[in-house]
Amino acid sequence: MVTGGRGTRVLGVVGWSGSGKTTLLVKLIARFTEHGLKVATLKHAHHSFDVDTPGKDSYEHRKAGAGEVIVSSARRWVQMHEVGAGAEASLAELLRRLAPCDLVLVEGFKSERLPKLEVFRQAIGKSPLHPGDDRIIAVASDQPLPSAGIPVVDLNDIAAVAATIEARAEPLAAVLALLERA
């Protein structure tokens, strides 16, 4: 397994909507944490989204104009930052904000230059992404892809997918350097 002694390592998980990225990530997170790893995730949302509930104090503070809201309890804390008309934070900026951990799994950010695992299901009706992206270093699929040219693992074999991530995740510093060159 990826170990803390190797520092933070990063791998993206990409695929078309409906391919099973989130389902796979939930299983992988459980597996990695069962093996003692500290895992962080970063998810890209394409549209405006809310993580707060209308009527709650934090929601009302943000809607009233607060640029940042931090909600804290004995079990967790969350920070919301309003971008407004400003630019979306870059993946590099977001990676730098994470607390130290062993593994960062990034969902989405398809066009970013980080090492990625593609989740592919032919039933989605779209072409695979990996032929057009040299940073996709492996595919997790529910079918063989003999012409892929990169490792293909069974999407339902969580141990094999986890081993692929272990072998292919790159150090945070290397990923940041790639992102900043783009």
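The values are calculated or read from the model by the stated rules, or taken from the named source; none is laboratory data. This is a predicted model, so every value here is computed, not measured. Counting neighbours? That spans all protein chains shown, and the Cβs are built from the backbone with ideal geometry, glycine included.
Being in a loop (DSSP other than H, G, I, E, B), more than 24 Å from Ile158 (Cβ to Cβ), within 13 Å of the chain's Cα centre (by Cα) and among the acidic types (Asp, Glu) is a property that does not hold for Glu88.
Can you name the residue in region 166-182 that is part of a helix (DSSP H, G or I) and farther than 27 Å from Thr33 by Cβ and is also modelled with the highest pLDDT among such residues? Write out each step before concluding.
Step one: list which residues in region 166-182 are part of a helix (DSSP H, G or I), which gives 166-168, 172-181.
If we keep only those that are farther than 27 Å from Thr33 by Cβ as well, we get 177, 180-181.
Numbers: Ala177: 95, Glu180: 90, Arg181: 85.
Result: Ala177.
If the condition is being modelled with pLDDT of 95 or more and of a type outside the set (D, E, K, R), then region 102-113 contributes Leu103, Val104, Leu105, Val106.
Scanning region 113-127 for residues that are surrounded by fewer than 20 Cβ atoms within 10 Å (Cβ to Cβ) and not small (Gly, Ala, Ser), we see that the one that is nearest to Ala89 (Cα to Cα) is Arg113. Among the residues making up region 33-53, those that are at pLDDT 85 or above and either farther than 22 Å from Phe109 by Cα or surrounded by fewer than 16 Cβ atoms within 10 Å (Cβ to Cβ) (or both) are Thr33, Glu34, His35, Gly36, Leu37, Lys38, Lys43.
Within region 55-81, the set of residues being among the acidic types (Asp, Glu) and out of contact with any strand residue (DSSP E or B) (no Cβ under 7 Å at 6 or more places or on another chain) comprises Asp57, Glu60.
Among the residues of region 55-101, those identified as out of contact with any helix residue (DSSP H, G or I) (no Cβ under 9 Å at 6 or more places or on another chain), at pLDDT 85 or above and among the small types (Gly, Ala, Ser) are Ala74, Ala99.
Go through the residues of region 67-82 one by one and say whether even a single one is touching a residue at least 60 places away in the same chain (Cβ under 8 Å) and either surrounded by fewer than 18 Cβ atoms within 10 Å (Cβ to Cβ) or assigned to a strand (DSSP E or B) (or both).
We begin by selecting, within region 67-82, every residue touching a residue at least 60 places away in the same chain (Cβ under 8 Å); these are none.
No, region 67-82 contains no residue that is touching a residue at least 60 places away in the same chain (Cβ under 8 Å) and either surrounded by fewer than 18 Cβ atoms within 10 Å (Cβ to Cβ) or assigned to a strand (DSSP E or B) (or both).
This table checks each residue for (1) out of contact with any Cys (no Cβ under 7 Å at 6 or more places or on another chain); (2) small (Gly, Ala, Ser); (3) free of Cβ contacts under 8 Å to residues at least 60 places away in the same chain.
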site	(1), (2), (3)
Ala40	no, yes, no
Val51	yes, no, yes
Tyr59	yes, no, yes
Gly86	yes, yes, yes
Arg96	yes, no, no
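Quick check on region 23-32: of everything there that is surrounded by 16 or more Cβ atoms within 10 Å (Cβ to Cβ) and not basic (Lys, Arg), which residue is farthest from Arg121 (Cα to Cα)? Only one residue fits best here, namely Phe32. Ile137 satisfies every condition listed in (1) surrounded by 12 or more Cβ atoms within 10 Å (Cβ to Cβ); (2) in a loop (DSSP other than H, G, I, E, B) except (2).
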